[in-house]
Amino acid sequence: MKIGVFDSGYGGLTILSKIRQHLPFYDYIYLGDNARAPYGSRSFEVIYRYTLQAVRHLESEGCRLIILACNTASAKALRTIQQHDIDPARLRVLGVIRPTVEAVRGCHIGVLATQGTVQSESYVLELDKQWQMQQTGGGELYVTQQACPMWVPLIESGEHLSQGADYFVDKYLCELWNKDPLIDTLILGCTHYPLLLPKIRAWVEEHTTHNRMGLKEGEGVCGVQIIEQGDIVARSLRDYLSRHGDIEGLLSRGGTCRYLTSEQADKFNLSAGIFLSTPVSAEHIEI
Ligand code: DGL
């Protein structure tokens, strides 16, 4: 049995590579629904239908555990799939939003995400839930969301290092900081966004000066904690498997990874190079 990793496109590769660094011995199948990406501006019904089709496909390929390495799918489809479409005795499906929220330590949170994730309010709800659990008295949580609709198309087309990308990084971060100038935590709530991290970090460094969180070295710039999901999701999966020996015991350990795409395989192979350091040989599928 394998671990399935699903994303609308290439972004989930940033999560997959971290999972494979932490847990190299399992067998994986990555599925990118590249032909129908981006999902970010699609309706709930469409994202749910596409995600369920991908889950069914991964299940038919022998996956026993599936990670929705896509915030948009996690936000809009995960709960319905978990509650209505799968038998947990045969398949488990996990998302990326809850583990991400658990890494937050500040109280002025900026969430950068696709339109779909922002509209779902999933981050707001999860952050609030966690805040209520942690609070023993006083203190307030401020969550400010910013949709970044141009970032995924820029990254998917390999333009994330261009001056055009500088413009759109500045645009969305300015809009976010205008809404809350005291942001102390920045969630990169889309699996594509780590590719813009150097530009985001440079912007934050240049535009923020407060240092109120006592972060350890390397954890943030100017006191702003920037949360990337790769390591967080990988650690959360490792914990999950250590708590669920029944599932872990079923997973095969060949250290392999297959790549499936709804797009042409050679196009996937070329573009995957932006996200991965090793070449891949994908298979085209119809879902
Ligand atoms: N990578 C997906 C996410 O994490 C979004 C990309 C898309 O819009 O399809 O939200």
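Some values worked out for this structure:
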read-out: Size of electric dipole in the stretch 1-160: Cβ of Lys, Arg +1 and of Asp, Glu -1, about Cα centre, debye, nearest 20; value: 300
read-out: Long-range Cα-Cα pairs in the stretch 1-146 (distance over 23 Å), rounded percent; value: 38
read-out: Normalised alpha carbon radius of gyration of the stretch 222-287 [divisor 2.2 N^0.38 Å]; value: 1.52
read-out: Residue-normalised accessible area of the stretch 224-287, given per residue in Å² at a 1.4 Å probe; value: 52
read-out: Alpha-carbon radius of gyration plus Dmax, which is the widest Cα pair, for the chain in Å; value: 18.4, 56
read-out: Net dipole in debye of the chain [+1 Lys, Arg Cβ; -1 Asp, Glu Cβ; about Cα centre; nearest 20]; value: 540
read-out: Magnitude of the charge dipole, the stretch 56-143, Cβ model with Lys/Arg +1 and Asp/Glu -1, debye to 20; value: 180
read-out: Label point at MET1 placed 7 Å out along Cα→Cβ; residues across the stretch 56-99 whose backbone nitrogen lies under 15 Å; value: 58-67, 86-94
read-out: Length-normalised contact order for the chain - Cα pairs under 8 Å, 6+ apart - percent; value: 27
read-out: Distant-in-sequence amide H partners of ILE66 (H built 1.01 Å from N, under 5 Å); value: GLY4, ARG92, VAL93, LEU94
read-out: Over 22 Å between alpha carbons, listed pairs LYS76/LYS179; LYS76/LYS171; LYS76/LYS129; value: LYS76/LYS179; LYS76/LYS171
read-out: Principal semi-axes in Å for the stretch 139-204 [√(5λ), Cα gyration tensor, largest first]; value: 22, 12, 10
read-out: 222 nm mean residue ellipticity, helices alone, for the chain (DSSP H n ≥ 4; -39,500 (n - 2.57); rounded to 500); value: -12500 deg cm²/dmol
read-out: Förster radius 41 Å - calculated FRET efficiency between ARG56 and TYR167, Cβ distance, rounded to 0.05; value: 0.55
read-out: Rg(Cα) / (2.2 N^0.38 Å) computed for the stretch 22-104, rounded to two decimals; value: 1.09
read-out: Percent accessible area from carbon and sulfur atoms, the chain, protein chains only, probe 1.4 Å; value: 49
read-out: 5 angstrom amide H check on ARG258, placed H, neighbours 5+ away; value: TYR28, ILE29, TYR30
read-out: Helix runs (DSSP H) in the chain reaching 27 Å along axis by Cα, Kyte-Doolittle at least 0.0; value: none
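The values are calculated or read from the model by the stated rules, or taken from the named source; none is laboratory data. Everything numeric in this text was worked out from a predicted model, so none of it was measured. Ideal geometry is used to build each Cβ from the backbone, glycine not excepted, and the neighbour counts take in all protein chains shown. Each accessible area value is taken on the protein alone, full model and side chains, heavy atoms only, with ligands, DNA and RNA left out. Shrake-Rupley method; radii C 1.70, N 1.55, O 1.52, S 1.80 Å.
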